[in-house]
Amino acid sequence: MLKLLFLLFVIAPLTELYLLIKVGSGIGGLTTIALCLLTAAIGGLIIRWQGIATLIDAQKCMARGEIPADHGFHGILLAVAGLLLFLPGFITDTAGFLLLIPALRQLIIHRLLPIRPMHTQQDTTIIEAEVIHHEHHIR
């Protein structure tokens, strides 16, 4: 766990910085900044579109009496993608854009959190009954 935190908070930012400097020296500093802003803007639009589509699909599932657990995980991964896309850097942008691929999100969800089928309202049988309670008094 400590190695993962070290990787996230030290190695990843240094790698991003190195790559930004290399790209900036090749295409220019302002062009590199513009490219970072462009990827954030495009990613934000795609996330908004996919987030709305995921919400609508979840509402359709609930209308059919199904539990939209899968959709909640898609929403979480879309939020992570948004965070990655708004962080400056090409590595985080690449990871963020990869999370915008629905099939990849589905694969991640089923690898990390295997979802078992849940019973829906359509699978239940309702039996109406009346409970009669008799009290016996001993004198």
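Which of the following residues is farther than 30 Å from THR32 by Cα and modelled with pLDDT of 90 or more: ILE115, ILE108, ILE138, ILE126?
Values: ILE115 fails: modelled with pLDDT of 90 or more; ILE138 fails: modelled with pLDDT of 90 or more; ILE126 fails: modelled with pLDDT of 90 or more.
None of the others qualify; the one that does is ILE108.
Only one residue in LEU5, LEU35 is assigned to a helix (DSSP H, G or I) and loosely packed, with under 12 Cβ neighbours inside 10 Å, so which one is that?
Working: LEU35 fails: loosely packed, with under 12 Cβ neighbours inside 10 Å.
Only one candidate passes the filter, namely LEU5.
What are the residues in region 38-79 that are of a type outside the set (D, E, K, R) and outside any helix (DSSP H, G or I), if any?
Of region 38-79, the ones of a type outside the set (D, E, K, R) are 38-47, 49-56, 58-59, 61-63, 65, 67-69, 71-79.
Residues satisfying the conditions are GLY65, ILE67, PRO68.
Here is a check on your reading of the model: is LEU85 in contact with a Ser or Thr (Cβ under 7 Å, 6 or more places away or on another chain) and surrounded by 15 or more Cβ atoms within 10 Å (Cβ to Cβ)? Let's see the steps before the verdict.
Working: in contact with a Ser or Thr (Cβ under 7 Å, 6 or more places away or on another chain): yes; surrounded by 15 or more Cβ atoms within 10 Å (Cβ to Cβ): yes.
Yes, satisfied.
The values are calculated or read from the model by the stated rules, or taken from the named source; none is laboratory data. Every value quoted in this text rests on a predicted model; they were computed, and no experiment measured them. Glycine also receives a Cβ, built like all others from the backbone with ideal geometry; neighbour counts cover every protein chain displayed.
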